[in-house]
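The values are calculated or read from the model by the stated rules, or taken from the named source; none is laboratory data. Here the structure is a predicted model, which is why all the values come from computation and not from measurement. Glycine also receives a Cβ, built like all others from the backbone with ideal geometry; neighbour counts cover every protein chain displayed.
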Amino acid sequence: MTFDETLRKVLVLDFGGQYAQLIARRIRECRVYSELVPYDTPVEVLRALDPAGIVLSGGPRSVNEAGAPTLDPAVLELGVPVLGICYGLQLLTKLSGGVVARTDRAEYGGMDIEVVADSPLFHDLPREQPSWMSHGDAVLETPPGFTLTARSRSLPVAAVEDTARRLYGVQFHPEVRHTQYGQDILKNFLYRICDIAAVWTPVSIIEESVSRIQAQVGDGRVVCGLSGGVDSAVAALLAYKAVGDRLTCIFVDHGLMRKGEGEEVENAFGRHFHVPLIHVRAQERFLTKLAGVEDPETKRKIIGEEFIRTFEEEARGLDGARFLVQGTLYSDVIESGTRDAAKIKSHHNVGGLPEHMDFDLVEPLRMLFKDEVRVVGEELGLPDAMVWRQPFPGPGLAIRIIGDVTEERLHILREADAILLEEVRRAGLYRELWQSFAVLPAIRSVGVMGDERTYAYPIVIRAVTSEDAMTADWARLPYDLLERISSRVINEVPGVNRVALDVSSKPPSTIEWE
Ligand code: XMP
């Protein structure tokens, strides 16, 4: 039996709720595979996907509004257990003949619920449970055939069930951490009601991706671009496990990486894992193109184009490689198409590859969230420094040097940045921070060293906390850490006589300076 046949999945029908993705993630944390699908996916398609359970997500609309997203009632007749959450519960209620209405007792935030019946969903859980609510409409009458299983202080219906048809609904959000027993409730749904075993582990993810890659590429040759980041590294290792020496990795080292990163990739892939690796040392090529360029967008464009050209030249030299491995993540897959087109900086594909290259794409991480990629990376034995590396922009240090990118200025920034990161790591803060790095502005100021007057660059410390880089807050680094960074940078990096701290959040600032 292949792994695929034993992999029983739960589909989350996405009604547009802010927590739909989170539901899928929480289910996966229970070691059960879960995918997000649009709420109007035809019932035949759902049946063909053969889910072991279905979750109806929350949503921003009212079920009584004209044109609000609805559910094909045939989904409830599939014989598959269903859990409706918030809007999902309200739909379930409405479609089954209960009453949903707007109430003047909207509930937002933490709210205790009281379990009032013996329910498999609340198996082994306390009667009173702190829960997270976020709804304006409410269920006023339980539909025929359903039993009330929990209520909240202000509203009569917090959970219902029809155990015969295996339909369950909760008004609160079990996927949100503030719901104290949320994860237990999901486990009860998955393990007790859907009867799924917790078998979706990092080892099983690896086995499954390896057999998928083998099925896709047959005996073809494969190429993969390494960036030094965790996504491309994990994708490459999975491909290597699948096809061995028929994979060649290309690492275009544009010379704009941080201190030691080029060697780290070389050591991990070439020496430790023995993956066939072409390490293209292209600093001179990139610096020549960047000479005299000060405009941030022009820098990005030059680096992006040069990167692609270099990669293509190397790939062309490989005999008959038809497949290209890419580290596309599930969040990119979910967001593509719905992503807001507003362009602040031209991030996408800077330091990446164009979509229209003459290769068939192999995307082993397509169904994984970032934290899952990290767990798989650890399982594959990838060094911690790569697994937990903070995000680093494709154009590298070039967009942290304001103005002209020269070898001398790159050296200053690289050394200062290495000190900053060393101290952040030593303080045990590296993983807590989304990003922490040094910036080299294009100004100089006066200082004094010994008896000498200096006229040298400042270094700016930029450290932020963030969930997803869309918004960020400046990190409150301890004063003694700032002091150590400042004194080491000024003393150890020639050409720097001052250290400043960036205390701006995003928005209105961005994380990077360019
Ligand atoms: P900003 O500066 O817009 O950055 O707040 C948000 C996140 O994106 C990263 N970033 C980039 N990544 N190519 C990339 O691959 C780029 O050109 C680029 N510019 C910014 C940045 O480091 C942060 O994590």
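Numbers for the structure displayed
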{"item": "Which listed residue is under 30 Å from residue 55 (Cβ atoms) and surrounded by fewer than 20 Cβ atoms within 10 Å (Cβ to Cβ), from 175, 263, 207", "result": "207"}
{"item": "Condition met for residue 269 (within 18 Å of residue 311 (Cα to Cα), crowded, with 17+ Cβ neighbours inside 10 Å and either out of contact with any Leu (no Cβ under 9 Å at 6 or more places or on another chain) or assigned by TED's automatic domain parsing to the domain that holds residue 236 (or both))", "result": "yes"}
{"item": "From 438, 442, residue being surrounded by 12 or more Cβ atoms within 10 Å (Cβ to Cβ) and either more than 30 Å from residue 291 (Cβ to Cβ) or not assigned by TED's automatic domain parsing to the domain that holds residue 371 (or both)", "result": "438"}
{"item": "Selected residue (only one of 438, 427 is more than 14 Å from the ligand (Cβ to nearest atom) and either over 18 Å from residue 227 (Cα atoms) or out of contact with any helix residue (DSSP H, G or I) (no Cβ under 6 Å at 6 or more places or on another chain) (or both))", "result": "427"}
{"item": "Residue within segment 200-209 that is in contact (Cβ under 8 Å) with a residue 60 or more places away in the chain, assigned to a loop (DSSP other than H, G, I, E, B) and either farther than 26 Å from residue 127 by Cβ or not assigned by TED's automatic domain parsing to the domain that holds residue 277 (or both) present", "result": "yes"}
{"item": "Members of segment 291-316 that are within 17 Å of residue 404 (Cα to Cα), buried (at least 16 other Cβ atoms within 10 Å of the Cβ) and away from the ligand (no atom under 14 Å from the Cβ)", "result": "293"}
{"item": "Residues (within 16 Å of the ligand (Cβ to nearest atom) and touching a strand residue (DSSP E or B) at 6+ places or on another chain (Cβ under 8 Å)) located in segment 501-511", "result": "502, 503, 504, 505, 506, 511"}
{"item": "Residues of segment 317-352 classified as within 16 Å of the ligand (Cβ to nearest atom) and either over 20 Å from the mean Cα position of the chain (by Cα) or at pLDDT below 70 (or both), total", "result": "15"}
{"item": "Residue list for segment 466-500, filter: loosely packed, with under 15 Cβ neighbours inside 10 Å, away from the ligand (no atom under 16 Å from the Cβ) and aliphatic (A, V, I, L, M)", "result": "500"}
{"item": "Residue 401 being surrounded by 16 or more Cβ atoms within 10 Å (Cβ to Cβ), farther than 29 Å from residue 32 by Cβ, outside the structural domain of residue 494 (by TED's automatic domain parsing) and at pLDDT 95 or above", "result": "yes"}
{"item": "Residues of segment 135-156 that turn out to be under 13 Å from residue 112 (Cα atoms) and modelled with pLDDT under 95, as a count", "result": "5"}
{"item": "Helices (runs of 4 or more DSSP H) fully within segment 1-82 counting 2 or more residues that are modelled with pLDDT under 95 and buried (at least 16 other Cβ atoms within 10 Å of the Cβ)", "result": "20-29"}
